[in-house]
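*Asks:* Before we start, here is the structure in question, set down as structure tokens.
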Amino acid sequence: MKHSLGPQILLGALLVLLAALPVYAQVYTVDYLGYGWEKAAGPLKAAGDELIITSVADGIDPAFGVDLTTEEVTLHIYGLISDGPVDAGGYTIINFTGGYMDIYEDPAMNADWGINPPNATSPGTFTEGSLFFRGAFTSFTMYFDASGAYGSFEGNLDGISGSIINEYCTNCVYTWGGAFTLDAGAQIPEGYWIQVDGTFEIDSAVDTETASWGSVKALFK
Amino acid sequence: MKTMMKGLLIVLAVAALPLGASAQQLFDFNGQAMMPSTAGGVLTMYSVMYDPAPIDSPIPLDFASYEFTLVVDGVTLVSDGISRVFSGGTVTIYQDAGTAADYTNPATFTDGTAILVGNFTSLSQFVPPFGPGSVSGYLDWVGGARLNDMAPEDQLHWAFLSGTSTTSGTLLPGYDEVWDGKTEPPSTIVDTEAASMGSIKALFR
């Protein structure tokens, strides 16, 4: 008599298989503070405007082995081009196209925003040292509250290069997010548009393995 | 003419006060929040503070010798939605050289010395249907062991700003949101220095 796998047995088998998958998800973070400006004339946030941000890490996962008391970690975000503001029904969103994020380790400890960027120190002092990470944005969105005074942002990146690439995970997921403030009490240097505060997260994705259906069934024989 | 000269002297004296390398000041924190599910519920957030260098802390904090934690408590949800409105509540900054902060044991965030205690005067949270949220509000510092490190006028109307996330990979079991934010004074706090009028006048001789 030939036995076939009924739906209930199949479901049970799949559940057992899922439960058996190793979960290695580990999250590494870089916490940062900084300021951003728009490189364009005319109304802020308009389509075609480039958003540039320079920031400094004030917290970093110990796994990276970086001592923030002896070297600084700086972030330079550039090339994010606004698609223009969209009314989402009580709040505003702006999607951006393109863009890169570079992170540097620098023993010079000289990051300085100055005023009215770009200037003699920004982004210059944020792009010195050795390249820790370079990523290309695959998405980036800003969410403005109804007042337009503050909000949040989130972007995803593909890792390109840098000393940490492939060092801490495989199939890594890189996410950059946080909150921004224009005019909700934040101290913002003259000439900058926003203050930003957030986290760069590196999530090691759970490894997947390609297998034939036969080999999966064989596991339960 | 005499009044004008006096005014000029004061302006010059103020201009001569030493300022830090950075004009910005804030207390930075990264924490985990337990959110109310319905109006009337209470929000609590536990966080660890980071040295914001090269940005300055509004009052000097010895991060090398102490752990600093910032705790939000007693904040009541008034209305829910894309814009959540809260009322009441306190912010307390603790300095502790003993127990390391541990999110599985919230008591480790509230031990040590309460160096600053503040009352929220407003707090709201923007929660878009997609993407992370953000918090904005104001507070007045009203107590704590180091309250008097700030002049009375510098204790009021501090901005409280934070990003919030329900999907961050750093969200811990038992908590609802990751909060990453700061609180900062409305303008740069500068050191004061006692000086006689005679010594100020002597600067311009």
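The values are calculated or read from the model by the stated rules, or taken from the named source; none is laboratory data. Not measured: the values here are computed from a predicted model. In this analysis, Cβ positions are derived from the backbone assuming ideal geometry, glycine residues included, and neighbour counts consider all displayed protein chains. Note: areas computed on protein heavy atoms with side chains; ligands, DNA, RNA excluded. Shrake-Rupley method; radii C 1.70, N 1.55, O 1.52, S 1.80 Å.
*Asks:* Based on Cα coordinates alone, diagonalise the gyration tensor for segment A:23-207, multiply each eigenvalue by 5, take square roots, and list the semi-axes in whole Å, largest first.
*Replies:* Equivalent-ellipsoid dimensions as semi-axes: 26, 20, 14 Å.
*Asks:* Other chains near B:154-163: what is the mean number of their Cβ atoms within 10 Å of each residue's Cβ?
*Replies:* 4
*Asks:* Given N residues in segment B:26-188, what is Rg(Cα) / (2.2 N^0.38 Å)?
*Replies:* Relative to the 2.2 N^0.38 Å estimate, segment B:26-188 comes out at 0.99.
*Asks:* Report the accessible surface area buried between chains B and A, summing both sides, using a 1.4 Å probe on protein heavy atoms only, in Å² rounded to the nearest 100.
*Replies:* Interface between B and A: roughly 2700 Å².
*Asks:* Probe of 1.4 angstrom, ligands and nucleic acids ignored: what's the accessible area per residue over segment A:23-207, in square angstrom?
*Replies:* Here the per-residue accessible area is 38 Å².
*Asks:* So how far apart, in nm, are the two label points at B:Ser87 and B:Leu156 if each is 7 Å from Cα heading toward Cβ?
*Replies:* Once both label points are built, they end up 2.2 nm from each other.
*Asks:* Oh, and also: How do the peptides B:176-182, B:53-59, B:103-109 rank, highest first, by the average count of neighbouring beta carbon atoms within 10 Å per residue?
*Replies:* Order by mean packing, descending: B:176-182, B:53-59, B:103-109.
*Asks:* Of the peptides A:86-93, B:118-125, how do they stack up when ordered by the mean number of other Cβ atoms within 10 Å, highest first?
*Replies:* B:118-125, A:86-93
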